[in-house]
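Peer 1: A single structure is presented below for examination.
The values are calculated or read from the model by the stated rules, or taken from the named source; none is laboratory data. Computed from a predicted model, the values in this text were never measured in an experiment. Positions of Cβ are backbone-derived with ideal geometry, glycine not excepted, and every protein chain shown enters the neighbour counts. Note: accessible area is taken over every heavy atom of the protein model, side chains too, but ligands, DNA and RNA are not part of it. Shrake-Rupley method; radii C 1.70, N 1.55, O 1.52, S 1.80 Å.
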Amino acid sequence: MHYFKYKGNILYAEDIPINVLVEQYGTPLYIYSAKTLRRHLKAYTDSLKALPHIICYAVKANSNAAILRLLGSMGAGADVVSGGELYRALRAGIPAGKIVYAGVGKRDDEIEYALRKRILMFNVESIEELENINHIAGKIKKTAPVALRINPDIDPETHPYISTGLKKNKFGIPIETALEFYKQAKQMKHIRVVGIHKHIGSQITKVNPFVDALERILILVEHLKQEGIHINYLDIGGGLGIRYNDEEPPHPKELAKQIIPLLKKHDLTLVVEPGRSIVGNAGILVTRVLYTKAGFDRKFIIVDAGMNDLMRPSLYNAFHQILPVKKKRGKKVFADVVGPICETGDFLAKGRELPDVRRNDFLAVMSAGAYGFSMSSNYNSRPRPAEVLVDGNMHYLIRERETYRDLVRGEKIPDTLKE
Ligand SMILES: *Cc1c(COP(=O)(O)O)cnc(C)c1O
């Protein structure tokens, strides 16, 4: 559910017509709905209130400072996967004690930074990484709180690029060897074992994979207990899907209903790491039609947003609904909606039935709040879009549109080439 709706013929973001925003801020433009963000976070908080829990929002889904601040002010923590994301989360006011840090390739400087800031825990992905964290913690006289990320070998039944909990994926520690690794971790002088972590993938539209993975993890938790290893945090990761087209993903309530009974008898704080399900449907990308043309066997609608602004269609062949900002009567066309980038893979939609839009009409690419701006780039030297947050009848610029000057910031011409 979100707050991008037609009133009459015009698409609104909450109480503001999108064409008003586009006139003020230009295109391409990311627009987020504060009410939707609050509603989505609250869906988790309400569903999980029977258990001690922390909701660690996955910063990589959308790392804008205003969005982090909004979620943080409602009590969310953060799941980060780099030093840069940790910096962003802390700067937005999220307490270090609610930040977890995952990722297969943590660098020494990033580990040291997280140790000095005293994050809640590292979600460790290999034995070498664990040894390295132990070493760095010793060097700077700290103790590192860790959870081991377990690969439970569960098929999340999602796109192969976003499935992470299968044996063949690079993530986590195989569940068969986990007990051994925990025993080793317990022996390490500068490591404090506090948790267990798993994250099996993204855009998961069924409850079953979550339940199956959790059952496997809980068996491991029992084995750990028998070995005298007691953990405090059970982190089940993120991955709950959203509706892009006709998917019917479970509500956090349904997920909670299934997992709470499994956890009741354990004395654990649950950690969840939702990203997409918080921010995905809370954002849209609005683009201007530049040209239309008839191709050999199809029509092309050429717009001013490209794969550098929203990479998901090119990267995963992902579906995003496309709506006209102003509804049009009359005939429909079948068209590919393509960007200005010099790549065949640069499209936002293919073979889509759309109103017969013209130059200077506006289209809204829906469900673009997650893995939209955060995956954007400057490819083809295109300044990245502005971002706007709407809250009721108020709107706020939360990231300026980049300028040409921003494109070359930090670039230097060697003196010898200046002569
Ligand atoms: C990407 C990621 C998430 C968030 O996944 P969503 O599908 O956006 O909910 C959570 N935890 C980890 C470790 C991740 O890598």
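Peer 1: Using the Cβ atoms and a cut-off under 15 Å, what net charge is assigned to the surroundings of ASP336, where Lys and Arg are +1 and Asp and Glu are -1?
Peer 2: Computed value for this residue: +1.
Peer 1: Just to confirm my numbers, what's the Cα centroid distance between the range 360-419 and the range 76-142 in Å?
Peer 2: Here the answer is 28 Å between Cα centres.
Peer 1: Among THR205, THR403, THR164, which one shows the highest mean-square fluctuation when the chain is modelled as a Gaussian network with alpha-carbon springs under 10 Å?
Peer 2: Fluctuation is largest for THR403.
Peer 1: Continuing with the same structure: Can you return the lysines within cross-link range of LYS139? Criterion is Cα-Cα under 24 Å, with same-chain partners fewer than 8 residues away left out.
Peer 2: Hits, sequence-local ones excluded: LYS106, LYS117, LYS183, LYS186, LYS189.
Peer 1: Expected output is a single nm value to one decimal: the length gained when fully extending between ARG39 and GLN321, i.e. 0.36 nm times separation in residues minus the C-alpha distance. What is it?
Peer 2: Here the answer is 99.4 nm.
Peer 1: If packing is taken as the mean number of other Cβ atoms within 10 Å per residue, what is the order of 369-377, 12-20, 219-227, 28-36, highest first?
Peer 2: Peptide ranking by packing, descending: 28-36, 369-377, 12-20, 219-227.
Peer 1: Using a 1.4 Å probe on the protein chains only, how many percent of the accessible area of the range 103-272 belongs to carbon and sulfur?
Peer 2: Carbon and sulfur atoms account for 47 percent of the accessible area of the range 103-272.
Peer 1: While we're here: Count the DSSP beta bridges whose two residues both fall in the chain, then state the antiparallel fraction as a percent rounded to the nearest 5.
Peer 2: Of the beta bridges lying entirely in the chain, close to 50 percent run antiparallel.
Peer 1: Hey, another quick one. Straight-line reach only, C-alpha to C-alpha below 17 angstrom: list the lysines that LYS257 could link to, leaving out same-chain residues fewer than 8 apart.
Peer 2: LYS42, LYS49, LYS206, LYS265
Peer 1: Of LYS170, LYS106, LYS98, which is the most mobile in a GNM of the chain whose springs link Cα atoms less than 10 angstrom apart?
Peer 2: It is LYS170.
Peer 1: Once you put a point 7 Å from the Cα of HIS135 and another 7 Å from the Cα of ARG118, both along the Cβ direction, what distance in nm separates them?
Peer 2: Distance between the two pseudo-spin positions: 2.7 nm.
Peer 1: ALA58's amide H: which non-local residues (gap 5+, or another chain) put their own amide H closer than 5 Å, with H modeled 1.01 Å from N in plane and none for Pro or chain starts?
Peer 2: For ALA58, whose amide H was placed from the backbone, the distant partners under 5 Å are ASP79, GLY275.
Peer 1: Normalising by the residue count of the chain, find the relative contact order in percent from Cα pairs under 8 Å and 6+ residues apart.
Peer 2: About 19 percent, as a whole number.
Peer 1: Sticking with this structure for a sec: Using a cut-off of 13 Å between beta-carbons, work out the net charge of the residues near ASN378 (Lys and Arg +1, Asp and Glu -1, ASN378 not included).
Peer 2: Around ASN378, the charge tally is +1.
Peer 1: Spelling out what I want: for every residue of the range 364-369, take phi, set θ = phi - 60°, compute 6.51 cos²θ - 1.76 cosθ + 1.60 (Karplus), and round to whole Hz; glycine and proline get x.
Peer 2: Residue by residue, the range 364-369 yields 10, 8, 7, 6, 9, x Hz.
Peer 1: Right, something else. Taking the Cβ of THR403 as the centre, find all other residues whose Cβ is under 13 Å away and add up their charges (Lys, Arg: +1; Asp, Glu: -1).
Peer 2: +3
Peer 1: Calculate one ³J(HN,Hα) per residue across the range 404-419 by plugging θ = phi - 60° into the Karplus curve 6.51 cos²θ - 1.76 cosθ + 1.60, and present them in order as whole Hz with x for glycine and proline.
Peer 2: Using θ = phi - 60°, the values come out as 4, 4, 4, 4, 9, 4, x, 7, 9, 9, x, 3, 5, 8, 8, 6 Hz.
Peer 1: Sum -39500 (n - 2.57) across every DSSP H segment of at least 4 residues in the chain, then divide by the residue count to get the 222 nm mean residue ellipticity, nearest 500.
Peer 2: Estimated from H runs of four or more residues: -8500 deg cm²/dmol.
Peer 1: If I model a spin label at ALA50 and LYS418 as a point 7 Å from the Cα along the Cα→Cβ vector, what separation in nanometres do I get?
Peer 2: 6.9 nm
Peer 1: May I pose another question? Rounded to the nearest 5, what is the percent of antiparallel bridges among the DSSP beta bridges in the range 279-358?
Peer 2: The antiparallel proportion sits near 75 percent.
Peer 1: Along the Cα-to-Cβ line of LEU397, 7 Å from the Cα, sits a label point; which residues in the range 350-373 have backbone N less than 20 Å from it?
Peer 2: 373
Peer 1: When the chain is modelled as a GNM with alpha-carbon springs shorter than 10 Å, which of VAL289, VAL211, VAL408 fluctuates the most?
Peer 2: In the Gaussian network model the winner is VAL408.
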